[in-house]
Amino acid sequence: MALKVAVQMDHIANINIAGDSTFALMLEAQARGHTLFHYTPDRMAMRDGAVFATVEPLAVKDEAGAHFSLGEKRRVALDEMDVVLMRQDPPFDMAYVTATHLLERIHPKTLVVNDPAHVRNAPEKIFVTEFPELMPPTLISRDLSEIKAFRAEFGDVVMKPLYGNGGAAVFRLTADDLNFGSLYDLFATTFREPWVIQQFLPAVKHGDKRIILVDGEAAGAVNRVPSEGDLRSNMVRGGAARPTDLTDRELEICARIGPSLKKMGLIFVGIDVIDGNLTEINVTSPTGLRAIKRLGGPDIAAQIWDKIEEKRAPA
């Protein structure tokens, strides 16, 4: 069953194919005979309730520097597609939110991965708080007295933007850190929304595990180890990918959250776990597929397409 697949993403010319999960999904789709189309979110439009995009036919090749070719641009109604992969990177701002509203008009007639309404309603650092028993102590606030009280209780903490991504602006503050006042002022000036304050987990030096779930089921994982002198384990920040297996505690976490993900139509999800503590549930643009496969793990892109094809199969 050949599908017409539109990929909504940041421009393909700018991706790093070695670690890009969207590229892994496109390679797998092409190998299965599906027809690919590429467009960036700014090429969307809604007229009289119908959603359109200016798309380009796309062919991909796993060769750095020559990884794609695009055909002639044309305007299409997105409900003519079988599948739309919503894969642009955050920031999770009003442009991102608006894109979910537009895609909601075509889903589920066109299968949008992930379900745009639930992407909008499940920002990773808020959605995760629905499972507080799985998390380290966490505060979401911009109130100085609340943050001071949290620091007094837990001492060593991490502060990070509520809608940040890729490890940007993540800071560790020790109990006696004299930079707290200045950092508070910086966050208060830079971010209009509250931010996240969590108890620091020293075991992060051994890795921050990215676990991929496909339609609510654990599919594979990679352990991301911070580089020397850095708190952050994100691979875009220099973290090193290491092979790993899932512990009983991590399987328990997946079993606890999996039914909610499946019910919400969140087919491709990446969660972050440090020392048995769930810290984020990423539903916007999860990464990790290529690293997991490269390190000898399963081909999760194939699992995702198995699930998409199952959902698109005639009743």
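The values are calculated or read from the model by the stated rules, or taken from the named source; none is laboratory data. Predicted model only: the values in this text are computed from it and were never measured. No Cβ is skipped: glycine too gets one built from the backbone with ideal geometry, and neighbour counts run over all protein chains shown. Ligands, DNA and RNA are excluded from the accessible area calculation, which covers all protein heavy atoms including side chains. Shrake-Rupley method; radii C 1.70, N 1.55, O 1.52, S 1.80 Å.
See the values below:
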read-out: Check on residue 229, outside any strand (DSSP E or B), at positive phi and modelled with pLDDT of 95 or more; value: no
read-out: Matching residues, region 18-40, being over 12 Å from residue 289 (Cβ atoms) and either within 20 Å of the chain's Cα centre (by Cα) or not β-branched (Val, Ile, Thr) (or both); value: 29, 30, 31, 32, 33, 34, 36, 37, 38, 39, 40
read-out: Output for region 274-315, where each listed residue is of a type in the set (A, V, I, L, M, F, W, C), more than 22 Å from residue 247 (Cβ to Cβ) and under 19 Å from the mean Cα position of the chain (by Cα); value: 283, 301, 302, 304, 305, 308
read-out: Odd one out for residue 42, checked against (1) part of a helix (DSSP H, G or I); (2) over 25 Å from residue 122 (Cα atoms); value: (2)
read-out: Every pair of residues 6+ apart whose Cβ atoms lie under 6 Å, when the first sits in region 110-122 and is surrounded by fewer than 22 Cβ atoms within 10 Å (Cβ to Cβ) while the second is in a loop (DSSP other than H, G, I, E, B) and not hydrophobic (A, V, I, L, M, F, W, C); value: 118/265
read-out: Condition met for residue 51 (among the hydrophobic types (A, V, I, L, M, F, W, C) and within 25 Å of residue 289 (Cα to Cα)); value: no
read-out: In region 286-302, residue nearest to residue 166 (Cα to Cα) [restricted to those that are outside any helix (DSSP H, G or I) and open to solvent by 10 Å² or more (accessible area, probe 1.4 Å)]; value: 287
read-out: Residue that is assigned to a helix (DSSP H, G or I) and either surrounded by 14 or more Cβ atoms within 10 Å (Cβ to Cβ) or of a type in the set (Asp, Glu) (or both), where the choices are 133, 63; value: 133
read-out: Yes/no for residue 33 being on the phi > 0 side of the Ramachandran plot and part of a loop (DSSP other than H, G, I, E, B); value: yes
read-out: Subset of region 172-207 (residues that are open to solvent by 20 Å² or more (accessible area, probe 1.4 Å), within 21 Å of residue 123 (Cβ to Cβ) and out of contact with any helix residue (DSSP H, G or I) (no Cβ under 6 Å at 6 or more places or on another chain)); value: 188, 190, 191, 192, 193, 194
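So that you can scan it fast, the table gives a plain yes or no per residue for (1) in contact (Cβ under 8 Å) with a residue 12 or more places away in the chain; (2) closer than 30 Å to residue 299 by Cβ:
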| site | (1), (2) |
| --- | --- |
| 126 | yes, no |
| 129 | no, no |
| 141 | yes, no |
| 146 | no, no |
| 149 | no, no |
| 165 | yes, yes |
| 187 | yes, no |
| 193 | yes, no |
